Each structure stands twice: as structure tokens, then as C-alpha cells.
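Trainee: Let me begin by handing over the structure; questions about it come next.
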2 protein chains.
Amino acid sequence: MQNPLLAPELREFIKDGKTVELRSLFESGHPVVVAEFLSALSPEEAWKALQHADPVQRAEIFSNLEQDLQAEILATLDRNEAARLLSDMPPDDRADLFKSIPEDKQEEILPAMAQAEREDIRRLSAYEEGTAGAVMTSDYATLTPDLTAAQAIEQLRREAPNTETIYYAYVVDPKRRLLGFVSLKDLILARPNQKVKDIMHPEVISVRVDEDQETAARKIQKYDLLALPVINGGDALVGIITHDDAIDIITQEQTEDMEKLMAIGGAHEVSTYMKTSAWGHFRNRCGWIVILAMIGLISGAIVQRYEALILQFAILATFMPMLADTGGNTGSQSATLVVRALAMGEIRPADIFKVLRKEFGVAVLLALVLGVLTFGRVIFFGHGEALPPGYQLAQIGWAVGIALGIQVITSTIIGALLPMVTAKLGYDPAVVASPALTTVVDITGLLIYFSTAKVFLGI
Amino acid sequence: MQNPLLAPELREFIKDGKTVELRSLFESGHPVVVAEFLSALSPEEAWKALQHADPVQRAEIFSNLEQDLQAEILATLDRNEAARLLSDMPPDDRADLFKSIPEDKQEEILPAMAQAEREDIRRLSAYEEGTAGAVMTSDYATLTPDLTAAQAIEQLRREAPNTETIYYAYVVDPKRRLLGFVSLKDLILARPNQKVKDIMHPEVISVRVDEDQETAARKIQKYDLLALPVINGGDALVGIITHDDAIDIITQEQTEDMEKLMAIGGAHEVSTYMKTSAWGHFRNRCGWIVILAMIGLISGAIVQRYEALILQFAILATFMPMLADTGGNTGSQSATLVVRALAMGEIRPADIFKVLRKEFGVAVLLALVLGVLTFGRVIFFGHGEALPPGYQLAQIGWAVGIALGIQVITSTIIGALLPMVTAKLGYDPAVVASPALTTVVDITGLLIYFSTAKVFLGI
């Protein structure tokens, strides 16, 4: 918070219609900060305050409000006010807001808008959520190849007030096909009469309108871009995605990956923890928890089936939960690393054998350490345990140590294999949730444990 | 991959010294792509290829190589070549590379560099890893307040070749204290004779040199900045952090959070899965796995202690692993959501009671659903189970259902409480790893289970 002004004072200003004070606040603060202040007010109050701002500032501050508040404010406006406010907003934010309001409100506002904007909204709202098309904006600068650098700078200067960025401009032919791009820096460094086509970079990194938004964001990250052009099936430029959208996309995808990894459902929105009600959280979490609890009963049935064995060799019970937990832990670790490496584009589904080879190596090392430690634990600290006559502590040691080793190796491999296979089938590898994995390797682990024990105890 | 040229052909070009072909590759491809191609070569070959590029391109491509390969190439150069190459690199990449090479090599190269660059390297390398100072660059544009817009644009044009960005310029007084900032867009839109001090934005979002790099990255995200100025204790401008660094920082912090959440140690670098050997992975994962396996033995001891009870009521064994797993799952879910909300700055450690109230609400709902389902499972499908004479199935149903409910509530609360307390104590909340939580609630869960059973069975 950069401004010490508080909600009560703000309300006072609004009630008394203190335009000068409100304007000075709007002008001195960053739109993001001003939007934060207004969030403390009711939709009616916030709108009253915003009416004191000039239209450009008003749209800028309004665009930085939470989308829920935007929709609430919009609901209080008549169609002409609403249409004017929407007209001034950046096209991508406008399309997002438009999609979020009720259909009858949409129908009411649309006719009050200019045709170009109406079509822009329709076009931008048409793309499926999660695609490059759904996050792009239509405010970008284009140039024709035969302009001179001086003419191009002059054109960008004229367009600057209505363009999201003038630092990158895209060079297009009459069919809007992308020929190249120039940065404002290139133009400023060029001789004034040099042609744009001689300055431009002809190899442009771009993304298709129906590609995943994360693909677009990762390209912006990889190539350190300010903006990434979006092209349609006919190779025509239809929009751009800017660097600030890329950060937001990456943050959202990360939240989604983390929540999926913990088997949490819902929309995976960023910064909605406090806003979501307990009931909403419950609904997002309940599904998997119940399913896994039901599957978990299989583990119970296995324990029950081997009850006689546990009764005969009480020491086996000591190591049973540890064996199940360790399987879950090692499996979750390999799954997490593989899911992350896939998300970062470091490995591809085709690398499955390379990944399995590496995980097998890690698993064998972990199995050795844990197996030896557990064997030692049994041999050196197991003397107090009651054993049926004729059985040696070493038999128990071998059984537990080797079972744990096998459990660690299978769990690690399952943890790596599941996301790789999921990715290969074209699904999001993060759906292989750690809780699900834990439940599965619990079952395999108990089966491994009791079978191994029976072999080593000769039952 | 944008260019079909393959390593064998590249080797051919290098061997035959085909400057024209190599230059055309360097000029047509994005430096990131060219760097990818060179990564397939040996350090000697890569350097031979780079010698055909002009110095600016060479430094740009070299800066995009993996740091390990940069260091290997540097090791093959004599001190003057090395000094020249370092001089042409962006200051932040240069400082990072410099920190990664052996000290004797550092001592050898430094005297061959110009004094200004020597000091720049020393200054940038001095900041602790993970701070804003360690990621900032010293190539930024500054203006004085009395310049006109036209003079300012002219100055930026002159500085452009050596500046990371000319789109933001910082206005400083003679002591380099930050007075404001202007964007190139502001300057282009201003009247040519307007003074910089009248155009500039006096309220500048900035970060202190010793603040966390993530704080800096989140500010760039929140305020949609192209660059964030970094100031020292005396409020003097010492560097900037650019938008592309912000994306990389956020990606790295996210990898760190996810790996910590799965109790994986190590440096938490991005895109190092394949590069890290099985031994390296083993070392990162082994520590917690072994510690948790040892703690897991406590659960085993509890099971063993209640063996007589399990023997008497065989049906109790059926629900035991499910109860432990469900505790781990619900606790991991609440921990993940709280860790993420803390990382996003959505909640603060002071919100602990708000968070606990919300999680308690979620937990009660989950407990009700799971408790009722489990009670039903016992009552309707438990008829085949052997019970000691005089005991009712309903008693078991109540015991299991209520124990599961208590387990879900305690686990969810523990999962939310631990990261909040960790954050309050000033540590990274992500250290409360899900495997550790699972192990802890295993122990509490078994104690709850057997105590509740004893109460309901009147033992």
C-alpha cells in the first residue's frame, strides 16, 4: 500500500463530491493501488468515485479491479454507461468481463456499442478457455513493409494511446499475414529513411490461436519476449499475448499443477483461498478424498487377510506402516519431479525409457540404504521381540529389508511411469495425484510385504 | 527448433571455416535457438563456431548457453579472449558466470578487464543468492530531470546498444537517488521541448537490494512492469530487474515449493532433471525418506501395542490403513492450499485464525461425509465379520466413523497450522513437507483410532 488514504476518508470524499482530492489520488497512485483502495468500497461507492476520474484513467483503474467487483459495478450501470466503460477497457480484459456477466445483460449492452467493438468482443470471447486465443488482446501495432523508419515511428506515436504496447510492431501483408517484426528500439536505431522491410526480423516466434496458453507463456519466457504474436489457421495475425499475461498464465498453471498433485479439484484459480467458502473448498476436495478412502479399504482387507501371520510374528506389525508410508513418499517424489520436468518442457513423453532408467538407478540406491538400515534395525534392536520357536531374527531381517527394497523400487517406478504414460496419452500428467499414488502403493506394498515375509519364513 | 541444421553439418561448417554459412545461421536464428544448436557441440567446437560471429552476436548467443557450457568454454580461452568475451556480456549474466568459475581463473581474468567492468562484476557478485541484488543488472538508462523529451530520446538512442531496455528510463538526482521514471512511450507522446521532470511519474515502485528476489518478481507481476528499479539503503538506484528475469524467478520459486512439499532437497534448479545423475537425485531425496521411515516405526509400534485389540475385533484392521491414508490426504490438501496462498501473498501469517476457522469448516464437512459413509459401510456390509459375543456391529460403526471424523479434523488443522506457524517464525512455509505431515498424522491417527475404539467397545 503506497497511499495512506483509508476507506472512511475515501467515503467522505465521495459523499462530498471532492473531485480535486479524488483526482489527485487517481493521478498519483498506480492504477493497481487505486483499484485496491476502491475494492474496500461497495460497487455503488466505487463507481461514484470512478466518475470523478477522466475516462482513460477510469478504464485503467476499473480494469485492475477484481472481475467480480467489475461485474457488480457493471450491473448498477445503465446500458449506455456500461457500453462506454467497456469501450474504454483493454480488449482482453473487456472480453473476460463480458464472458462473466449474465446473458441478458450481454444482450442489453451489445447494441449500445460501436460495431467494431461488438465484433471484437464476439471474436475474443469465442476462443476456448485455456487457449492462446482466450488470453490474447487485439490492441497491437502493425506496420506495412514499405514504410520508412521515420514514418513507422510517427505511426506508432499516433497509435500509442490505443495500443497495449508500441515497443513491438508486427509487419503484415495486405492479408495480415505476418512478414516480420520490429522493435521500437530497432526503429530508433535505424536511419530515418531505412525501410521497415530492411530492418525487420523475418523469423518471428509466434503461437497458433488454438494452442495451449501455457505453450504461449513458455515461449515468451524462453525467448525473453515483450509480446508474442498469435496467428490463425490461415497464418494471419489475430492478436498478441503480452509479457504480463505470460507471468499470470505461468502462476495459474503452477497453482493448478500443485493442487492437482494433491488431488484438489475446482477451477484452480490464483488467490481465491480466502474468497472460496468452506463449502466451496469442501466440494473441491471431497471427491478424491472419498474415492481414495474407499480404495484404502483394500489395504485393510489385505492386513486382515494376513492377520494370522502378524499374530504369529508380532514384529512384522512394527514395520508395516513404515513400509506403506515409505512407498508413498518415494513414489510421490518421483511423480513430482517427473510432472515438473514435463511441465517445464525439459522431458517429453517419448523420453519414457530414459526417465525410467534414471528413476531405477535412484530407486536401487534408496532401496539399498533403506533395506540395509531396516535389516540392521531388526538384527540389532529386535532381540526383545517374541518369535515362534525355530525361527531366527535374521529371517525377519531379510524379509523386512528385502520387502522394503522391492516396495521402494516399485513405488518409485510407478510414480515416474504414471505421469509419463498419462502425458503420452495426451492428458495432463499432473492428474496423477500424490494421494492416489500413495493409496495405490499402499496396496502393492502390503502385498509385497506379506508375500516376501512368507517366502523368507518358509510358510 | 526453427532451423533444420544438425550438429554434423554444423561440425562440417566449423571444420571448413565456412564463415558465410555460419554467419547466416547466427543472423537468421534467434540467439536462444542458435545457443541450443551449439549445445550439441563440444566447448572447443562451440567456441570455434562463435568466433565467426560478430562480437555483439557472439556475446548474445554465448549468454544464452547453459552456464556449465559457458564455464567450460571460458576455461579453454586465454585471459584476453576471456576478458573480451565477458566485457560484451550483459552484466547480470556475466556476474553469474563469474561466480561459477574457479577462483584462480577469476584472479587470472580480472586484471585483463577494464576497471569499470571489474568493479561492476565485484559489485554484482557481492549480493547474497536469492536477493534482488543477485538478479539485477547494471545496464539501465538514467535521465536527469531537466532534459527535454527530445534530448532524452536522443540520449536513449545513443545508449540503446549497451542498455538492456530503453523502454523505461529512471530519473535520478546527482546522488543517483530515484526521482521518478518515464517510459519511452511517455517521451514519444510528449511535446519535444517538455521537460522530463514534468513528464515523469514521481511515485516509482521499487525494491531494496537485500529483499527477496521473489518479492521483486511479484511486484513486476502485480504492477505489470517491464522493469523494476533496485535501490540501496541510501535510496540510490543500483540496478534494475527486468520482466524476463521475473518469469524465471517465479518458475524457480515454484519448482522449489513443489519439491520442498515432497521433501526433496537440493538446489531446486529448474530444468535439471535429466542433467542430475541418479546419484545426485538419490542424495536430494534420501535424507527425508530415511528420517521419515525411522519415524514411521512409531506407527508400527502403536499397531503392535494394540495387536490384542485387533485380534479380538478383526474388523478394526480393515479400516486401519484407510484411516491413516485419509489423514495424510486431507492434511496434505490443507497444507498445499495454505502454502500456495502464503506464497501468492494472498494470506499472511497474521491471518492464522481466519485460516483455521475456514479449515475447521471444511474439515467438519469432510469428517461428516466420511464418518457417515464409513458407519454405513460397517453397518450394511459388516455382517460377515466375526465379532466377540455380546458386541454389536453398531458399536464398531460408531467407533470407526467417529475416529475417522476426529482424524480428518485433526489432520486438516495440523496441515493448515504447521505452514502458518512456520511462516510466522520467519521460515519458508513450504518446508512443511507433505510426506512429513503424512507420517505425523499416521501416528496421531492410529492413537485416535485405537483410543476411540476402546471407548466405544468399553474396553
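Trainee: Can you tell me which residues in segment B:201-219 are under 20 Å from B:VAL172 (Cβ atoms) and among the aliphatic types (A, V, I, L, M)?
Mentor: If the condition is that a residue be under 20 Å from B:VAL172 (Cβ atoms) and among the aliphatic types (A, V, I, L, M), then B:VAL204, B:ILE205, B:VAL207, B:VAL209, B:ALA216 are the ones that fit.
Trainee: Have a look at A:GLY390, A:GLY405 and point out the one that is part of a helix (DSSP H, G or I), surrounded by fewer than 24 Cβ atoms within 10 Å (Cβ to Cβ) and small (Gly, Ala, Ser).
Mentor: A:GLY405
Trainee: Also: Residues being over 26 Å from the mean Cα position of the chain (by Cα) and closer than 24 Å to A:GLU66 by Cα: count how many of those fall in segment B:346-358.
Mentor: Result for segment B:346-358: 2.
Trainee: For residues that are in contact with a helix residue (DSSP H, G or I) (Cβ under 7 Å, 6 or more places away or on another chain) and not in a helix (DSSP H, G or I), scanning just segment B:53-67, find the one that is surrounded by the most Cβ atoms within 10 Å (Cβ to Cβ).
Mentor: B:LEU65
Trainee: Could you pull out the residue among B:LEU370, B:LEU365 that is touching a Gly at 6+ places or on another chain (Cβ under 8 Å), within 19 Å of B:GLY331 (Cα to Cα) and within 7 Å of chain A (Cβ to nearest Cβ)?
Mentor: B:LEU370
Trainee: For segment B:313-322, give me the residue count where each residue is surrounded by 24 or more Cβ atoms within 10 Å (Cβ to Cβ) and more than 7 Å from chain A (Cβ to nearest Cβ).
Mentor: Summing the residues that are surrounded by 24 or more Cβ atoms within 10 Å (Cβ to Cβ) and more than 7 Å from chain A (Cβ to nearest Cβ) in segment B:313-322 gives 1.
Trainee: Out of all the residues in segment B:290-313, is one or more touching a Gly at 6+ places or on another chain (Cβ under 7 Å) and part of a helix (DSSP H, G or I)?
Mentor: No.
Trainee: Let me ask another. Report the residue count in segment A:129-158 for those that are within 13 Å of another protein chain (Cβ to nearest Cβ), closer than 24 Å to A:ASP235 by Cβ and hydrophobic (A, V, I, L, M, F, W, C).
Mentor: Final tally of qualifying residues: 3.
Trainee: Follow-up. Filter segment B:338-357 down to residues that are at the interface with chain A (Cβ under 8 Å from one of its Cβ atoms), buried (at least 22 other Cβ atoms within 10 Å of the Cβ) and not β-branched (Val, Ile, Thr), then give me how many there are.
Mentor: Total satisfying the criteria: 2.
Trainee: Could you list, in sequence order, all residues of segment A:425-459 that are outside any helix (DSSP H, G or I) and closer than 14 Å to A:ILE414 by Cα?
Mentor: Listed by number, the residues that qualify are A:VAL432, A:ALA433.
Trainee: Taking the criterion of being outside any helix (DSSP H, G or I), surrounded by fewer than 23 Cβ atoms within 10 Å (Cβ to Cβ) and at the interface with chain B (Cβ under 7 Å from one of its Cβ atoms), would at least one residue in segment A:274-287 satisfy it?
Mentor: Yes, segment A:274-287 has at least one match.
Trainee: Which of the residues belonging to segment B:298-321 are of a type in the set (A, V, I, L, M) and without any contact (Cβ under 8 Å) to a residue 12 or more places away in the chain?
Mentor: Answer for segment B:298-321, where residues must be of a type in the set (A, V, I, L, M) and without any contact (Cβ under 8 Å) to a residue 12 or more places away in the chain: B:ALA301, B:ALA308, B:ILE310, B:LEU311, B:ALA317.
Trainee: Could you say whether any residue in segment B:188-198 is under 19 Å from B:GLY234 (Cβ atoms) and surrounded by fewer than 17 Cβ atoms within 10 Å (Cβ to Cβ)?
Mentor: No, every residue in segment B:188-198 fails to be under 19 Å from B:GLY234 (Cβ atoms) and surrounded by fewer than 17 Cβ atoms within 10 Å (Cβ to Cβ).
Trainee: A further question follows. Output yes when any residue across segment A:22-44 is charged (D, E, K, R) and outside any helix (DSSP H, G or I), and no when none is.
Mentor: No: zero hits.
Trainee: If you check B:ALA263 against the conditions, is it out of contact with any Cys (no Cβ under 7 Å at 6 or more places or on another chain) and at negative phi?
Mentor: no
Trainee: Determine whether segment A:68-90 contains at least one residue that is assigned to a helix (DSSP H, G or I), among the small types (Gly, Ala, Ser), surrounded by 15 or more Cβ atoms within 10 Å (Cβ to Cβ) and in the same structural domain as A:VAL196 (by TED's automatic domain parsing).
Mentor: No, segment A:68-90 contains no residue that is assigned to a helix (DSSP H, G or I), among the small types (Gly, Ala, Ser), surrounded by 15 or more Cβ atoms within 10 Å (Cβ to Cβ) and in the same structural domain as A:VAL196 (by TED's automatic domain parsing).
Trainee: Which one of A:GLY382, A:GLY401 is at pLDDT below 90, closer than 17 Å to A:MET320 by Cβ, over 33 Å from the mean Cα position of the chain (by Cα) and not β-branched (Val, Ile, Thr)?
Mentor: Testing whether each residue is at pLDDT below 90, closer than 17 Å to A:MET320 by Cβ, over 33 Å from the mean Cα position of the chain (by Cα) and not β-branched (Val, Ile, Thr) leaves just A:GLY382.
Trainee: Now for a different question. Can A:ILE199 be described as assigned by TED's automatic domain parsing to the domain that holds A:THR76, farther than 30 Å from A:MET344 by Cα and touching a helix residue (DSSP H, G or I) at 6+ places or on another chain (Cβ under 7 Å)?
Mentor: Considered against the rule, which asks whether it is assigned by TED's automatic domain parsing to the domain that holds A:THR76, farther than 30 Å from A:MET344 by Cα and touching a helix residue (DSSP H, G or I) at 6+ places or on another chain (Cβ under 7 Å), A:ILE199 comes out as no.
Trainee: Checking the condition out of contact with any Gly (no Cβ under 8 Å at 6 or more places or on another chain), touching a residue at least 40 places away in the same chain (Cβ under 8 Å) and either part of a helix (DSSP H, G or I) or away from chain B (no Cβ under 14 Å) (or both), which residue from A:PRO161, A:PRO192 passes?
Mentor: Result: A:PRO161 is the single residue among A:PRO161, A:PRO192 that is out of contact with any Gly (no Cβ under 8 Å at 6 or more places or on another chain), touching a residue at least 40 places away in the same chain (Cβ under 8 Å) and either part of a helix (DSSP H, G or I) or away from chain B (no Cβ under 14 Å) (or both).
Trainee: Just to be sure, is B:ILE205 crowded, with 22+ Cβ neighbours inside 10 Å and either more than 29 Å from the chain's Cα centre (by Cα) or closer than 27 Å to A:SER183 by Cα (or both)?
Mentor: Considered against the rule, which asks whether it is crowded, with 22+ Cβ neighbours inside 10 Å and either more than 29 Å from the chain's Cα centre (by Cα) or closer than 27 Å to A:SER183 by Cα (or both), B:ILE205 comes out as no.
Trainee: Out of (1) charged (D, E, K, R); (2) in contact with a Pro (Cβ under 9 Å, 6 or more places away or on another chain); (3) more than 20 Å from B:ILE298 (Cβ to Cβ), what's the single condition that is false for B:GLU385?
Mentor: Unmet for B:GLU385, out of (1) charged (D, E, K, R); (2) in contact with a Pro (Cβ under 9 Å, 6 or more places away or on another chain); (3) more than 20 Å from B:ILE298 (Cβ to Cβ): (2).
Trainee: Which one of A:ASP248, A:ASP146 is of a type outside the set (Ser, Thr, Tyr), surrounded by fewer than 22 Cβ atoms within 10 Å (Cβ to Cβ) and within 17 Å of A:ASP92 (Cβ to Cβ)?
Mentor: A:ASP248
Trainee: Quick check on my filter: what residues within segment B:323-337 are closer than 13 Å to A:ILE264 by Cα and either among the basic types (Lys, Arg) or more than 7 Å from chain A (Cβ to nearest Cβ) (or both)?
Mentor: Scanning segment B:323-337 gives B:GLY331, B:SER334, B:ALA335.
Trainee: What are the residues in segment A:251-272 that are surrounded by fewer than 20 Cβ atoms within 10 Å (Cβ to Cβ), at the interface with chain B (Cβ under 7 Å from one of its Cβ atoms) and not polar (S, T, N, Q), if any?
Mentor: A:VAL270
Trainee: If you don't mind, another one. When you check B:ASP93 against the structure, is it touching a strand residue (DSSP E or B) at 6+ places or on another chain (Cβ under 9 Å), assigned to a helix (DSSP H, G or I) and acidic (Asp, Glu), yes or no?
Mentor: Judged against the criteria, B:ASP93 is a match.
Trainee: Take segment B:78-131 and flag every residue that is of a type in the set (S, T, N, Q) and free of Cβ contacts under 8 Å to residues at least 40 places away in the same chain.
Mentor: B:ASN80, B:SER87, B:SER100, B:GLN106, B:GLN115, B:SER125
Trainee: Out of B:GLY384, B:GLY405, B:GLY415, B:GLY390, report the one residue that is within 21 Å of B:SER451 (Cα to Cα) and either within 14 Å of chain A (Cβ to nearest Cβ) or touching a helix residue (DSSP H, G or I) at 6+ places or on another chain (Cβ under 8 Å) (or both).
Mentor: Only one candidate passes the filter, namely B:GLY405.
Trainee: In addition: Only one of (1) touching a helix residue (DSSP H, G or I) at 6+ places or on another chain (Cβ under 6 Å); (2) at pLDDT below 95; (3) crowded, with 18+ Cβ neighbours inside 10 Å; (4) facing chain B (nearest Cβ under 10 Å) fails for A:ARG218. Which number is that?
Mentor: Condition not satisfied by A:ARG218: (1).
The values are calculated or read from the model by the stated rules, or taken from the named source; none is laboratory data. A quick note: this is a predicted structure, and the numbers were derived from the prediction, not measured. Using ideal geometry, Cβ is built from the backbone for each residue, glycine included, and neighbour counts are taken over all protein chains shown.
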